[in-house]
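Visitor: My structure is below; once you've seen it, I'll send some questions.
Just so it is clear, none of the values below were taken in a lab; they were calculated from the coordinates. Not measured: the values here are computed from a predicted model. Note that each Cβ is placed from the backbone with ideal geometry, even for glycine, and that neighbours are counted across all protein chains shown.
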Amino acid sequence: MILCANLKCNHTRASFADYAKKLNNFISSNKAHNNEIIIFPPSSAFYGGSVSFIQGAQNFYPTVNGSFTGQIGEEMLNEFGIKTVLIGHSECRKIGENDEFLQEKFKFATKRNWRVIYCIGESEDVFKNGKSADFIQNQAKNIDLSYNNLILAYEPIFSIGTGVSADMEHIFAMTKALRNITSAPILYGGSVNDKNITDIISIDGCKGVLVGTASWQIDKFIELINTAKK
Ligand code: PGA
């Protein structure tokens, strides 16, 4: 399974160093088993020491460097050996990242063979109108779905940060709709926690999870990894 932690706008350099060390110890004693662990800290908190998990970037600007105030480019990611990026998270789409810009970022990442976790997901309105499958397939078709270093994360917006995941039948149906258009691994994200992770990762075609809230405290995230391995 692929277990990802999206720390969002949480953790300082000091607190993430502690997080990274605890996770390193846990993984080094082989307790994560075959699960692949990917952590997305805030970019101000990237860990400079060696890590036994994959460290990824929550966001980046499609440039090596240059006059882009407030942005993080390839040169900054290279300094931390980061080659895994999130693109298209609904919280980034909400503040203005449109399909065209996401495409530009995707192309920049694919030219470098970075691993891309591309997020898609419908709103509650789309869900209530029964249009979820069409909607997320269209979102996914914005990028080259045959890219060999691609992971898709299905994250229904109405579930993110609410404490309530989408129901299992819906996650299964959406995973299936995506499987019809790509062979990229598909993750689920949206209020994953230690109570629902076992059911979610048992869904046919679901290759793992993208966890927000339940990953912010290292002890809780380790508990989640422990639950997933059972
Ligand atoms: P959540 O966040 O687990 O807090 O719902 C998931 C995400 O936004 O990736």
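Visitor: Which is of a type in the set (D, E, K, R) and within 30 Å of Asn138 (Cα to Cα), of Lys21, Lys83?
Guide: After applying the criteria, what remains is Lys83.
Visitor: Right, next: Mind listing whichever residues of region 86-103 are exposed (fewer than 13 other Cβ atoms within 10 Å of the Cβ) and among the acidic types (Asp, Glu)?
Guide: Glu100
Visitor: With the requirement that a residue be within 16 Å of the ligand (Cβ to nearest atom), part of a loop (DSSP other than H, G, I, E, B) and either of a type in the set (A, V, I, L, M) or within 11 Å of the chain's Cα centre (by Cα) (or both), what does region 82-123 give you?
Guide: Passing the criteria: Gly88, His89, Ile95.
Visitor: Here is a follow-up. With respect to Glu122, determine if the residue is in contact (Cβ under 8 Å) with a residue 24 or more places away in the chain, surrounded by 17 or more Cβ atoms within 10 Å (Cβ to Cβ) and among the acidic types (Asp, Glu).
Guide: Considered against the rule, which asks whether it is in contact (Cβ under 8 Å) with a residue 24 or more places away in the chain, surrounded by 17 or more Cβ atoms within 10 Å (Cβ to Cβ) and among the acidic types (Asp, Glu), Glu122 comes out as yes.
Visitor: How many residues does region 191-230 hold that are under 15 Å from Phe40 (Cα atoms) and within 14 Å of the ligand (Cβ to nearest atom)?
Guide: 10
So that you can scan it fast, the table gives a plain yes or no per residue for (1) touching a helix residue (DSSP H, G or I) at 6+ places or on another chain (Cβ under 6 Å); (2) in contact (Cβ under 8 Å) with a residue 24 or more places away in the chain; (3) farther than 30 Å from Lys111 by Cα:
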site	(1), (2), (3)
Pro156	no, yes, no
Ile160	no, yes, yes
Ala173	no, yes, yes
Ile181	yes, yes, no
Asn193	yes, yes, yes
Ile225	no, yes, yes
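Visitor: Can Ala20 be described as under 22 Å from Gly161 (Cα atoms) and either crowded, with 20+ Cβ neighbours inside 10 Å or within 20 Å of the chain's Cα centre (by Cα) (or both)?
Guide: no
Visitor: Let me ask something additional. Filter region 124-147 for residues that are over 17 Å from Asn180 (Cβ atoms) and part of a helix (DSSP H, G or I) and give the result.
Guide: Glu124, Asp125, Val126, Phe127, Lys128 - these are the residues of region 124-147 that are over 17 Å from Asn180 (Cβ atoms) and part of a helix (DSSP H, G or I).
Visitor: Restricting to region 142-181, name every residue that is of a type in the set (Asp, Glu) and surrounded by 20 or more Cβ atoms within 10 Å (Cβ to Cβ).
Guide: Glu155
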